[in-house]
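To keep things clear, I will list the structure first and then write my remarks on it.
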Amino acid sequence: MGSLSALEGIRVLDFSHALAGPYCTLLLSDYGAKVYKLEARGGDMGRGWGPPFADGMASFFLGLNRGKKGISIDLKQSEGLELCLRLVDQMDVLVENFRPGAMDRLGLGYVATAARNPRLVYCSISGYGQQGPLRDEAAMDLVVQASSGLLSITGTEEGESVRCGYGVTDVTAGLFAVIGILLALRARETTGRGQFVDVAMLDSMISTMSSNYMSFLGSQVVPRPMGTSFPTVVPYRVYRASDRELAIAVGSERLWAAFCGAIGRPEMEKHADYESNALRIKNREALEALLDEIFLRRTAQEWVDRLYAAGVPCSLVRNFREVAEHPQAAIREMFPVLKHTTVGRHQVTGTPVKLSETPGELTSPAPLLGEHTRSVLRELLGINDAAMNGLASRGVVLGPKTST
């Protein structure tokens, strides 16, 4: 392990809640930034997103907020707002994912905070961004899957829409927020100034669907849901074997030749209806019906073994337990164990980017509500215990009487 973390010395004040923002700050924390999770009275709504719960804490929250220092301040009180602004003075990054305008109304918008701290990188994650007719619309993952066009191409061959199985618009926005923050920090090295980073879930999804949108823009043909099939490659979908499903991707003519041999039908390689990908797309229905019948003759693992040996990309359609227990996930350290003060030992997901010199690291479990309020305010603002007790008695700061 290297002597430094990639984001060593970067301080992040995290006002975010639910999924998009916490996923962004989770990654920043894993790679060395100090993330101070600031929650108002009641805390992040994600604390209640269960079951499952462990000792009253949602597993959802435990996984997304590890490595962060938990502080809780009542921002509706002037003293609380002033404490928060003093914290802003010492930060490199601020992250929030409220509706546009909410932070301005609190006195914590970009203009106000940048005036105090010109080096601050201020990242706002929202459904539709800071301008436009949808600016003030409420946005949750399912809604943006619909408004971005994703749901229109994700569904059954009969045309029924199917939600992507995870919060793809939240997570994608969180990823783009990390990218935006890193870009702004890099620019700050040159300019000495921070800037406003405006990340919209809608924009993020349009960008990640670039190949789909480019096909539409080039053809003006509105795509439709195709189940697990792919519009421009055949065969490329999930097939049912005798016992379970497997996914197969034949993405080139070389792979088509290998595929035909692996399934015991070498004559199909040069068949007049199937010898090129364009012909296979044209004759998709007949070819898929033939392949459906072939794959039912063996188990999925038998087919995977044959296809692997031929170099054809494929996989069993694994469930979460199979993924979590797979040796590949273990080698990549994707399900490490943390020990929480009240929950005890529990698994979380690991760091996705492996750096040779400054690798990511899981440092601590998710905080209890306000767990580190006292220690953080003591360390960063120099507030002594007597003053802290006074703030606590007035309900300005929340959390345990002592904090780690």
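The values are calculated or read from the model by the stated rules, or taken from the named source; none is laboratory data. Remember, it's a predicted structure, so these values are computed and weren't measured experimentally. Reconstructed Cβ throughout: ideal geometry from the backbone, glycine too, with neighbour counts over all protein chains shown. The protein model used for the area step is the full one, side chains on, heavy atoms only, and it has no ligands, DNA or RNA in it. Shrake-Rupley method; radii C 1.70, N 1.55, O 1.52, S 1.80 Å.
Remarks
- Distances between placed amide hydrogens fall under 5 Å for LEU94 paired with LEU13, VAL121, TYR122, CYS123, all partners being 5 or more residues away or on another chain.
- Accessible surface of the chain, 1.4 Å probe, proportion on carbon and sulfur as whole %: 56
- Dipole check for segment 314-404: with +1 at the C-beta of Lys and Arg, -1 at the C-beta of Asp and Glu, and the Cα centre as origin, the magnitude is about 240 Debye.
- A crude spin-label estimate for the pair GLU322 and SER210, with each label 7 Å from Cα along the Cβ direction, gives 3.3 nm.
- Beta bridge orientation in segment 7-96: antiparallel %, DSSP, nearest 5: 15
- Once log10 I(q)/I(0) by the Debye sum over Cα atoms at q = 0.09, 0.13, 0.15 Å⁻¹ is calculated for the structure shown, the corresponding label among (i) -0.67, -1.15, -1.37; (ii) -0.74, -1.15, -1.31; (iii) -0.51, -1.11, -1.45 turns out to be (i).
- Mean residue ellipticity (222 nm) of the chain, computed from DSSP H runs ≥ 4 via -39,500 (n - 2.57), nearest 500: -11000 deg cm²/dmol
- Full extension of the chain between LEU381 and ARG240 yields a length gain of 44.6 nm, computed as 0.36 nm times the residue separation minus the alpha carbon distance.
- Distance-filtered residues of segment 81-97 - backbone nitrogen under 20 Å, label point 7 angstrom along ARG119 Cα→Cβ: 84-95
- FRET efficiency estimate (nearest 0.05) - Cβ-Cβ, SER364 to LEU4, R0 25 angstrom: 0.85
- Under the convention that each Lys and Arg Cβ holds +1 and each Asp and Glu Cβ holds -1, the size of the dipole of the chain around its Cα centre is about 820 debye.
- Sparsely packed GluC sites (Glu not before Pro) within segment 155-217, loop by DSSP, other Cβ within 10 Å at most 10: GLU158, GLU160
- Average accessible area per residue (Å²) across segment 1-84 - probe 1.4 Å, nucleic acids and ligands excluded: 37
- For the chain, built as a Gaussian network whose Cα springs stay under 10 Å, the top-fluctuating residue of GLY390, GLY264, GLY107: GLY264
- Accessible surface, segment 217-336, averaged per residue in Å² (probe 1.4 Å): 59
- Solvent-accessible area of VAL397, all protein chains in place: 10 Å² (probe radius 1.4 Å, heavy atoms, ligands and nucleic acids excluded).
- Database remark: amide H of PHE230 closer than 5 angstrom to the amide H of TYR236 (H placed geometrically; neighbours at sequence offset of 5 or more, or on other chains; Pro and chain starts carry no H).
- The region of the chain that goes longest without hitting one of the chymotrypsin sites (Phe, Trp or Tyr not before Pro) in a DSSP loop, each with at most 15 other Cβ atoms within 10 Å, is 167-404.
- Per residue, the solvent-accessible area of segment 114-191 (1.4 Å probe, heavy atoms of protein chains only, all protein chains present) comes to 50 Å².
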